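A.B. asks: Just passing along the structure, written as structure tokens.
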There are 4 protein chains.
Amino acid sequence: MLIVMKANASQEQVRSVCEKIESFGFRAHSIPGAQRTAIGITGNEMELDPGTFDEMAGVQEVIRVSKPYKLVSRDLKEEKTVVRFPNSEATVGGVEVAVMAGPCAIESREQALTTAELVARAGARFFRGGAYKPRTSPYSFQGLAEDGLKILAEIRDRFGLLIVTEAVDNESLELVEKYADMIQIGARNMQNFSLLKRAGRARKPVLLKRGMSATLEEFLMAAEYVMSEGNYNVVLCERGVRTFADHTRNTLDLSVVPAVQRLSHLPIIVDPSHGTGKRNKVTPLSRAAVAVGADGLIIEVHPDPDRALSDGKQSLFPDQFDQLMVEIRQIANVLGRSVAATVPNPGARRPTPVSTASGTAAAR
Amino acid sequence: MLIVMKANASQEQVRSVCEKIESFGFRAHSIPGAQRTAIGITGNEMELDPGTFDEMAGVQEVIRVSKPYKLVSRDLKEEKTVVRFPNSEATVGGVEVAVMAGPCAIESREQALTTAELVARAGARFFRGGAYKPRTSPYSFQGLAEDGLKILAEIRDRFGLLIVTEAVDNESLELVEKYADMIQIGARNMQNFSLLKRAGRARKPVLLKRGMSATLEEFLMAAEYVMSEGNYNVVLCERGVRTFADHTRNTLDLSVVPAVQRLSHLPIIVDPSHGTGKRNKVTPLSRAAVAVGADGLIIEVHPDPDRALSDGKQSLFPDQFDQLMVEIRQIANVLGRSVAATVPNPGARRPTPVSTASGTAAAR
Amino acid sequence: MLIVMKANASQEQVRSVCEKIESFGFRAHSIPGAQRTAIGITGNEMELDPGTFDEMAGVQEVIRVSKPYKLVSRDLKEEKTVVRFPNSEATVGGVEVAVMAGPCAIESREQALTTAELVARAGARFFRGGAYKPRTSPYSFQGLAEDGLKILAEIRDRFGLLIVTEAVDNESLELVEKYADMIQIGARNMQNFSLLKRAGRARKPVLLKRGMSATLEEFLMAAEYVMSEGNYNVVLCERGVRTFADHTRNTLDLSVVPAVQRLSHLPIIVDPSHGTGKRNKVTPLSRAAVAVGADGLIIEVHPDPDRALSDGKQSLFPDQFDQLMVEIRQIANVLGRSVAATVPNPGARRPTPVSTASGTAAAR
Amino acid sequence: MLIVMKANASQEQVRSVCEKIESFGFRAHSIPGAQRTAIGITGNEMELDPGTFDEMAGVQEVIRVSKPYKLVSRDLKEEKTVVRFPNSEATVGGVEVAVMAGPCAIESREQALTTAELVARAGARFFRGGAYKPRTSPYSFQGLAEDGLKILAEIRDRFGLLIVTEAVDNESLELVEKYADMIQIGARNMQNFSLLKRAGRARKPVLLKRGMSATLEEFLMAAEYVMSEGNYNVVLCERGVRTFADHTRNTLDLSVVPAVQRLSHLPIIVDPSHGTGKRNKVTPLSRAAVAVGADGLIIEVHPDPDRALSDGKQSLFPDQFDQLMVEIRQIANVLGRSVAATVPNPGARRPTPVSTASGTAAAR
């Protein structure tokens, strides 16, 4: 059930409605929009009588929602969600197409810093790189864990890049929340509901990757899990689905971008690196992703892909990434969007923030 | 086996090699390229000794081919194939992005002509429309057959549009070859090898749609069937594959475009109408298809989609098609390609060709 | 629309109803059942008024059918269809589990006869073997064509085996109809509607294989195409569908057997050879197919699988087939069904029929 | 790398080899077999020199393993693993086909006990029922948590049934380990590697369900994760994979049973309830699963399926389950296996164990 408030409803009126909802044992999610505030109700609200709210002051309309998702829905919030970051111009879901780039895994400080400088120079505002790697084999490289997170924090401080990195369980999520700017939930964990709920209680935005065989509804419901715990800053990510096709590692389903945008206010980005698994497909599919209307890209770049400890075959060489940025910038312009400009000397982009890892976390 | 001739090899030398090949009971396919001529050999050439040709005049190199496809391969012909049409500037595989548009089925002369004028005005050079419709149910509208083809021929004459229409068996193929400019083989017939061979003996270009669950190799091998019979003007078409995903009718696999272009010299276009099955996804996916590098689009447009006898839900309204043309023109420009301009009065575009339907066929 | 006649309706009354239907330009399909005759109407019968028939003599009920299939439906005919063959005890759909066995392709008279004797001895009543092979590559062995059919006819005469073989187009169908006992339509042609209609006009039973990515409804609609032309002897065949799974060539979907049986009166058999593509999986999946309730099996057996011209990897060795027959006989018994007994000297099973190939065909 | 010991190698010699392995920083897994002991080495053993072990006393052979899985492999242990339970005759992987039955979720004490009595009477030795339910929607019933586990423990005590129930994160796993006899890891968590490792440190057997789109290799690697932590009692479970097919909820892939058995010594059971999602398909597919060679079944039964809080549509009515047991018992016999007999008065089956499950339970 959604309660749509009048355009001129007061904060007080909104609060009254929320209290009423909670008095019945349900949870109220007040979502302010450009025109009006809507209040989502979660819990088994079947038993709630819409009449209870109809006559309350400030209430314009009470809507029964037939879809299984509520908080992710455009019915609740018509304007697109724009995810913002403290002390940064970067957004996801705004006019600018967000570019997240970096190696699959953080392998060493040197590898990470080299890559960070390259991608910052090309215009990326986000740095990606795994400190915790979910690997098919227990005997494969599993990531540097907290040491990797510390390297990532250093990268933020040196280059002003926002850090996106994956959490694989409650323990790692706690650390990722501390060190990074955006918590990635990987495809294999898209229905790890325990982890989704924990991410919903985090105070950093969540990047939620589509599961390998997730339907659109399951994908949105996974986001609903995060939002139902109170974290409304969720960015979806299409990364290819599993099909019979064998010319790519996964089949990148770009149609899910307009499909999500029709049903939900959440931003959605595309991962053409995992989505194709082949370096030579990354640039054309990146162009296509921007052309279809995606809010961003997440791309694997490695200074020496042939020696990468994971996913080298799908990582771009640095000069390929530079070229990709040029091409998507032009496509973005056609759609009335932009891509951040190149930065000749990214190390100097921002005065080294005094607040390092720990301080940063405190500030948020 | 491929025999690559020297750049300065004479016609006579090429002919000698072909005759030698045929003297062993194999078939020779001489494919002239910009720099050199290559000769493909088909038949079970395992038994052929490369030494037989090594020393012949004009031969530069004899290459054993390990891939199952030969004639479709970039190994045989490095430059992209550009399919051309008599008395028309239109191409598929050239600089211009080919746009084929029209209704799913030819329902009546009026419906067809109305649509044709609309799409010609917007800049399409090809008119699509089914006279033979492969329908899941035997009780659904199956097309107007030869009457439909006659309407299509009239459209060519009035608007200068090239006609693309589907053949479903040998009988219909004979008529399509007579009336149309391009013979479409539908997804359900991609492995109807008997029909592919018949199309390979036709003297009109073939538009070959990817089967619903065809791998890249099967798709290329289907084209090889057509080419092995001597028809080298084959255009491939991605139209979505069948997966678990249920937010679109099929899952449009845009990654197959660069994958085909890497392995084959044949042009490839995209059908976002069947590829998504939903009108509101057609324009974003069309932009994406052009951005990924497709050589063209085939799009369903209907003057009154809600009353269409088939596939109304995925047909664009005329004004949506106009807008689509504007958007893809801009994307094409970013890639150094073009889309034909709008034509204020398409009926006057070409002096009515004297040769009408029957004469046309004769002339080719 | 279905018209259900009273149990005691006369032939005359049935004929009157059929004539009435045809007077409106529709087609009447009168299907006698154990208790009653039902009459299916095909054509766009939306325009027909049920009231037209309600009051006719012998009519019990007029049913609007909402499903897209009619003639295949249990609504039309509650009892299972049992397909019978002239001069043979063999059935498909009866108590006996039908076993069809033989090589993928007829390669030579010797190979075919050797295999035929082996499978006849083990108890198979049907011999399978392709004379026309739909192959992914135009350069692969395509079958012996009519020469292969003649070998098959000889096998029928010598061993009393019923012949099942594939037709790939109208021309081959005509010959298959002449020489064989059952016309196979392959998976790649399941939606070759032109071929389905031609098979619907044939006077031999049709074995219709499920397409690689056919839904249950599409599968039933393909059978409907055959039946709508008047051939009601259709046997369905599950042969695996295409999925992401890579441990078998296809994924055998045994659940489709009870699903078909719930909706349709047609028999359904299973092809574990194509369904798995691996010899070592054929026997366990054959047991499972019988256990799930399939009406038969079609199995590839080759006297020397390692030298087979096609599909050797999935062909059983003769002794493996013997063992398989033993195992499925026991499973069949559990379900109250049987499998034909071994035949010590199959060549003598039946008095050599005077009518050989051509005469046989004439007699039918 | 695997080190195969001589048949007559002493415990001492085995220990020496293990110590040697660990002295290099790797982990040794000593797996005793009927004929010989094999020792698996995990860690990045690429750097180990086989020569190091060749000459040690009792070593017969040092094998380099090319497959990514080791501990699950038949190379390590040729005989099938039989999972046993303290104070119970029940096994998984032995001659008896293990039957696990019960409701999808524990909804109440009454519902659970009623069902338990029914399934115990019919011969099931294992009781299934979720206390933690991973649900697509955050607003659906999520299970009774520890209260549910207590009901399950009571059921073990009253009916002598072994308890199988799902853990969804580290916290719930700890409780499931305490109360239940077998820890289920659900399909959605098949690649929740953090949870797999935790299960690998548990002292109860693990039932590992195949992920919705897991390949055979990924499935085995998930088991390898559990075993690499030292828990060798892993039972695999096929529960249907996601495909385009829409007549069942998932497509049950029975071919994976012989495929697993070929590569691995681990037992594998089948879940036809989730595998089909439809009550009327459960019995035929159960028969098929036993016929294909599965080591057991896990089946949803509910005393009143239409009122079930989850998955009612796929739950059997009690009398359907009785009938299913009769049918699979007969099929099992054909394969030389058995199914436990009916128990007229299951509540009296065992003298109420004071120390349930041997002190195992007491210890909790």
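The values are calculated or read from the model by the stated rules, or taken from the named source; none is laboratory data. This structure is a prediction, so every number in the text was calculated from the model and none was measured. A quick note on method: Cβ atoms are made from the backbone with ideal geometry, for glycine too, and the neighbour counts reach across all protein chains shown.
A.B. asks: Read through the list (1) at pLDDT 95 or above; (2) more than 22 Å from the chain's Cα centre (by Cα), then give the number of the only condition that C:GLN35 fails.
C.D. replies: (1)
A.B. asks: Determine, yes or no, whether B:LEU236 is within 14 Å of chain C (Cβ to nearest Cβ), touching a helix residue (DSSP H, G or I) at 6+ places or on another chain (Cβ under 9 Å) and either farther than 19 Å from A:ALA259 by Cβ or buried (at least 22 other Cβ atoms within 10 Å of the Cβ) (or both).
C.D. replies: Details: within 14 Å of chain C (Cβ to nearest Cβ): no; touching a helix residue (DSSP H, G or I) at 6+ places or on another chain (Cβ under 9 Å): yes; either farther than 19 Å from A:ALA259 by Cβ or buried (at least 22 other Cβ atoms within 10 Å of the Cβ) (or both): yes.
For B:LEU236, the condition - within 14 Å of chain C (Cβ to nearest Cβ), touching a helix residue (DSSP H, G or I) at 6+ places or on another chain (Cβ under 9 Å) and either farther than 19 Å from A:ALA259 by Cβ or buried (at least 22 other Cβ atoms within 10 Å of the Cβ) (or both) - is not met.
A.B. asks: Among the residues of region D:64-95, which ones are surrounded by 14 or more Cβ atoms within 10 Å (Cβ to Cβ) and among the hydrophobic types (A, V, I, L, M, F, W, C)?
C.D. replies: D:VAL65, D:LEU71, D:VAL72, D:LEU76, D:VAL82, D:VAL83, D:PHE85, D:ALA90, D:VAL92
A.B. asks: Moving to a separate point now. Considering only residues that are more than 20 Å from the chain's Cα centre (by Cα) and touching a residue at least 24 places away in the same chain (Cβ under 8 Å), look in region B:273-291 and name the one that is nearest to the other protein chains (Cβ to nearest Cβ). Talk me through it step by step, then tell me what you get.
C.D. replies: In the first step, residues of region B:273-291 are kept if they are more than 20 Å from the chain's Cα centre (by Cα); the result is B:277-281, B:283-284.
Add one more test, that the residue is touching a residue at least 24 places away in the same chain (Cβ under 8 Å), and what stays is B:277-279, B:281, B:283.
Details: B:GLY277: 9, B:LYS278: 8, B:ARG279: 11, B:LYS281: 5, B:THR283: 9 Å.
Once the filter is applied, the top-ranked residue is B:LYS281.
A.B. asks: Between A:PRO258, A:PRO267, which is outside the structural domain of A:ILE41 (by TED's automatic domain parsing), in contact with a strand residue (DSSP E or B) (Cβ under 6 Å, 6 or more places away or on another chain) and not small (Gly, Ala, Ser)?
C.D. replies: Details: A:PRO258 fails: in contact with a strand residue (DSSP E or B) (Cβ under 6 Å, 6 or more places away or on another chain).
After ruling out the rest, the residue left standing is A:PRO267.
A.B. asks: Additional query: Using the structure shown, decide if D:THR276 is in contact with a helix residue (DSSP H, G or I) (Cβ under 7 Å, 6 or more places away or on another chain) and closer than 17 Å to D:GLY123 by Cα.
C.D. replies: Details: in contact with a helix residue (DSSP H, G or I) (Cβ under 7 Å, 6 or more places away or on another chain): yes; closer than 17 Å to D:GLY123 by Cα: no.
Against the criterion (in contact with a helix residue (DSSP H, G or I) (Cβ under 7 Å, 6 or more places away or on another chain) and closer than 17 Å to D:GLY123 by Cα), D:THR276 does not qualify.
A.B. asks: What do you reckon, is D:THR42 β-branched (Val, Ile, Thr) and either within 14 Å of chain A (Cβ to nearest Cβ) or over 24 Å from the mean Cα position of the chain (by Cα) (or both)?
C.D. replies: Numbers: β-branched (Val, Ile, Thr): yes; either within 14 Å of chain A (Cβ to nearest Cβ) or over 24 Å from the mean Cα position of the chain (by Cα) (or both): yes.
In short, yes.
A.B. asks: Which count do you get for residues in region B:163-180 that are in contact with a helix residue (DSSP H, G or I) (Cβ under 7 Å, 6 or more places away or on another chain) and closer than 20 Å to B:ALA120 by Cα?
C.D. replies: Here the count works out to 4.
A.B. asks: Taking the residues in region D:279-314 that are outside any helix (DSSP H, G or I), at pLDDT below 95 and charged (D, E, K, R) as candidates, determine which candidate is surrounded by the most Cβ atoms within 10 Å (Cβ to Cβ).
C.D. replies: D:ASP311
A.B. asks: Among the listed residues A:ALA245, A:ALA294, A:ALA259, A:ALA308, which satisfies the condition of being in contact (Cβ under 8 Å) with a residue 60 or more places away in the chain and within 12 Å of another protein chain (Cβ to nearest Cβ)? Don't jump to the end; show me each part of the working.
C.D. replies: Values: A:ALA245 fails: in contact (Cβ under 8 Å) with a residue 60 or more places away in the chain; A:ALA259 fails: in contact (Cβ under 8 Å) with a residue 60 or more places away in the chain; A:ALA308 fails: within 12 Å of another protein chain (Cβ to nearest Cβ).
Result of the check over A:ALA245, A:ALA294, A:ALA259, A:ALA308: A:ALA294.
A.B. asks: What about B:PHE317, is it at pLDDT 95 or above, assigned by TED's automatic domain parsing to the domain that holds B:LEU161, more than 19 Å from the chain's Cα centre (by Cα) and surrounded by fewer than 18 Cβ atoms within 10 Å (Cβ to Cβ)?
C.D. replies: Details: at pLDDT 95 or above: yes; assigned by TED's automatic domain parsing to the domain that holds B:LEU161: yes; more than 19 Å from the chain's Cα centre (by Cα): yes; surrounded by fewer than 18 Cβ atoms within 10 Å (Cβ to Cβ): yes.
Yes; evaluated as a whole, the condition is true for this residue.
A.B. asks: Of the residues that make up region D:100-112, is at least one within 14 Å of another protein chain (Cβ to nearest Cβ) and either under 21 Å from the mean Cα position of the chain (by Cα) or over 25 Å from D:ALA340 (Cβ atoms) (or both)? Steps first, please.
C.D. replies: If we filter region D:100-112 for residues that are within 14 Å of another protein chain (Cβ to nearest Cβ), which is where we start, we get none.
Scanning region D:100-112 turns up no residue that is within 14 Å of another protein chain (Cβ to nearest Cβ) and either under 21 Å from the mean Cα position of the chain (by Cα) or over 25 Å from D:ALA340 (Cβ atoms) (or both).
A.B. asks: Ok, one more. What is the residue count in region D:130-154 for residues that are at positive phi and either in contact with a strand residue (DSSP E or B) (Cβ under 9 Å, 6 or more places away or on another chain) or more than 14 Å from chain A (Cβ to nearest Cβ) (or both)? Can you show your working first?
C.D. replies: At the first step, the residues of region D:130-154 found to be at positive phi are D:143, D:145.
Restricting the remaining residues to those that are either in contact with a strand residue (DSSP E or B) (Cβ under 9 Å, 6 or more places away or on another chain) or more than 14 Å from chain A (Cβ to nearest Cβ) (or both) gives D:143.
So the count comes out to 1.
A.B. asks: Among the residues of region A:170-204 satisfying the criterion of being out of contact with any Leu (no Cβ under 9 Å at 6 or more places or on another chain) and without any contact (Cβ under 8 Å) to a residue 12 or more places away in the chain, which is surrounded by the most Cβ atoms within 10 Å (Cβ to Cβ)?
C.D. replies: Taking the candidates together, the pick is A:GLU171.
A.B. asks: In addition: From the list A:GLY230, A:GLY211, which residue is part of a loop (DSSP other than H, G, I, E, B) and more than 9 Å from every other protein chain (Cβ to nearest Cβ)?
C.D. replies: Working: A:GLY211 fails: more than 9 Å from every other protein chain (Cβ to nearest Cβ).
It is A:GLY230.
A.B. asks: Still on this structure, please answer the following. Which residues, counting only those in region B:216-269, are under 17 Å from B:TYR69 (Cα atoms) and touching a Phe, Trp or Tyr at 6+ places or on another chain (Cβ under 7 Å)?
C.D. replies: Here is the first cut: in region B:216-269, the ones under 17 Å from B:TYR69 (Cα atoms) are B:216-236, B:256, B:259-268.
Selection gives B:LEU220, B:MET221, B:GLU224, B:TYR225, B:LEU236.
A.B. asks: For the structure I just gave you, tell me whether B:TYR225 is more than 7 Å from every other protein chain (Cβ to nearest Cβ) and aromatic (Phe, Trp, Tyr).
C.D. replies: So B:TYR225 fails the test.
A.B. asks: Also: Kindly provide the set of residues from region B:168-204 that are over 20 Å from C:GLY211 (Cβ atoms), within 16 Å of the chain's Cα centre (by Cα) and within 14 Å of another protein chain (Cβ to nearest Cβ), ordered by number.
C.D. replies: B:LEU173, B:VAL176, B:LYS197, B:ARG198, B:ALA199, B:GLY200, B:ARG201
Table: residues versus (1) without any contact (Cβ under 8 Å) to a residue 24 or more places away in the chain; (2) not aromatic (Phe, Trp, Tyr).
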{"position": "A:LYS20", "(1), (2)": "no, yes"}
{"position": "A:ALA38", "(1), (2)": "no, yes"}
{"position": "A:GLY43", "(1), (2)": "yes, yes"}
{"position": "A:PHE53", "(1), (2)": "no, no"}
{"position": "A:MET56", "(1), (2)": "no, yes"}
{"position": "A:LEU76", "(1), (2)": "no, yes"}
{"position": "A:GLU79", "(1), (2)": "no, yes"}
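A.B. asks: Then there's this: I'd like to verify a number: residues in region A:262-272 that are in a loop (DSSP other than H, G, I, E, B) and either in contact with a Gly (Cβ under 8 Å, 6 or more places away or on another chain) or at the interface with chain B (Cβ under 7 Å from one of its Cβ atoms) (or both), how many? Don't jump to the end; show me each part of the working.
C.D. replies: Going through region A:262-272, the residues in a loop (DSSP other than H, G, I, E, B) turn out to be A:265-267, A:271.
Narrowing further to those that are either in contact with a Gly (Cβ under 8 Å, 6 or more places away or on another chain) or at the interface with chain B (Cβ under 7 Å from one of its Cβ atoms) (or both): A:266-267, A:271.
Final tally of qualifying residues: 3.
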